[in-house]
Structure formats: structure tokens, C-alpha cells
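> Dropping the structure in here first, questions after.
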Amino acid sequence: MQMLRLNTRHALPQTTIRNHLGRIDKSTVVPAEVHTNLELGKSNQGVTQPSLQLDNYPSRRAWGARNLDDLTREFGQKGLSDVRSGTSRRTQIAWERAENGGKPGNDINQQIKNEIFSREPETLVEFELMDGPIITYTPSQIVGEPEVGDVTAEIDTEPFANVHFKPGSLNTYLQSEGYIRRYVTMNEYDIYA
């Protein structure tokens with residue numbers, strides 16, 4: 001008796017997956033750049049020298065030193081007053097002697113002797129309190145106005161880093177298709193089916 005046998009042959013589908021990982025080739029951070037503008041402050045100040053002024057003319061004048069103006073004024077006035085007083089006194093004595101000289105009992109020689117010896121000695125030296133020198137002192141002073149300095153800074157930054165990214169990929173290929181085949185053989189199985 002002959003028998004029909006049902007043979008089945010099948011193959012599963014095969015797929016191939018090829019992948020490439022993504023990678024970062026280069027990643028750098030852009031450093032910030034600082035730009036500064038510096039204006040230095042200046043003091044623009046200085047100190048004046050102290051000064052000492054000494055006017056010693058009053059004390060020199062007390063010792064007899066005179067400048068030309070004082071000398072002319074003082075001795076000019078004194079000379080005029082001495083001439084006036086001397087002239088008037090001598091004129092008065094001359095008139096008195098002329099009028100009374102011839103009168104009896106009036107001895108002119110004795111009058112002149114008495115006048116000479118009765119004179120009080122003139123003061124040759126007078127002591128006065130001397131004026132001191134005039135001293136004017138001006139202290140040193142700080143002059144000028146300072147200038148205020150200024151420092152400004154500008155910072156330039158980048159919001160993102162420089163990144164070179166190579167994206168990955170995933171590719172799927174069908175290497176072989178699957179199948180199911182059925183066929184009939186007589187009296188035996190197809191073992192290679």
C-alpha cells in the first residue's frame with residue numbers, strides 16, 4: 001500500500017541589524033573674555049611751601065637805622081623846628097640885651113655866665129623800648145582737586161559649548177525571507193525537507 005506523506009519545510013526569516021553609535025568628536029567650552037577699561041585716579045594735589053616773612057625794619061629803626069623816606073621826613077621836620085626855635089630864642093635874647101643892656105645894674109657878662117652855668121645837661125642817650133621784628137608765618141596748604149578713577153569690565157560669553165556630534169544610526173536588513181513549504185512524497189519522509 002502506498003502512503004502519501006506530507007512533508008513540511010520551513011525557514012525562519014533572518015534579519016541583520018547594523019548599528020553605529022553616536023559619538024562626540026569634539027566638545028570645547030568657549031572661555032569667557034573679560035575686557036576692562038581702567039582709568040587711574042589722580043590726586044592732582046600738592047602742598048605749598050610754608051613761608052616765613054621777617055620784617056625787621058621796626059627793630060632796626062629803634063637802633064637808628066632809617067630808610068631814606070623816614071630819614072628825610074624826620075630830620076627835615078626837626079631841622080625846621082630847630083631853626084624856628086633857635087631863631088626865635090636868639091632874637092628874643094638879642095632884643096632883650098639891646099633894650100636892657102645900657103641900663104645901670106644890668107651886667108651882660110654876668111648874665112651870659114649865669115646862663116651858661118645854669119643850663120641843665122642835655123640828655124645824650126634816651127632809652128626806649130624797641131619794637132621787635134614783624135614775623136608773618138604762612139603754613140603749608142594742600143591745593144588741587146583729586147580726580148576719581150574708574151574701572152569698567154565687560155564680559156563676553158557664549159551660551160553654548162562648541163560640540164561636534166556625529167549621530168548614530170541603526171539599519172535593519174532582511175537577510176533571508178522565511179517560508180513554509182509543504183509537499184507530498186510517496187511512502188517515505190523527505191528527511192531533508
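> May I ask you to list the residues of region 141-170 whose amide nitrogen lies under 12 Å from a point 7 Å from Cα along the Cα→beta-carbon direction of K26?
162-165
> So what are the ³J(HN,Hα) numbers for region 29-42, from phi and the Karplus equation (6.51, -1.76, 1.60; θ = phi - 60°), rounded to whole Hz, Gly and Pro as x?
9, 7, x, 6, 10, 10, 10, 10, 10, 10, 10, 6, x, 10
> So, for the chain, what is the accessible surface per residue at a probe of 1.4 Å, expressed in square angstrom?
Ligands and nucleic acids excluded, the result is 91 Å² per residue.
> While we're looking at this one, here's another question. Output the 0 to 90 degree angle, nearest 10, between the alpha-carbon long axis of helix 68-100 and the longest principal axis computed from the alpha carbons of the chain.
The angle comes out near 10 degrees.
> Follow-up question, since we're still on this one. Please tell me the relative contact order of the chain in percent, rounded to the nearest whole number, where contacts are Cα pairs under 8 Å and at least six residues apart.
It comes to 66 percent, rounded to a whole number.
> Rounding to the nearest 10 and keeping the result within 0 to 90°, find how far the Cα-based axis of helix 108-117 lies from the longest principal axis of the chain.
Long axis of 108-117 versus the principal axis of the chain: about 30 degrees.
> Quick one: which residues, 5 or more positions from E147 or on another chain, have an amide H under 5 Å from its amide H? H modelled 1.01 Å from N in the peptide plane, none for Pro or chain starts.
HN-HN under 5 Å from E147: K42, S43, N44.
The values are calculated or read from the model by the stated rules, or taken from the named source; none is laboratory data. Computed from a predicted structure; not experimentally measured. So basically every Cβ, Gly included, is an ideal-geometry build from the backbone, and we count neighbours across all protein chains shown. Heads up: the accessible areas ignore ligands, DNA and RNA and are worked out on the full protein's heavy atoms, side chains in. Shrake-Rupley method; radii C 1.70, N 1.55, O 1.52, S 1.80 Å.
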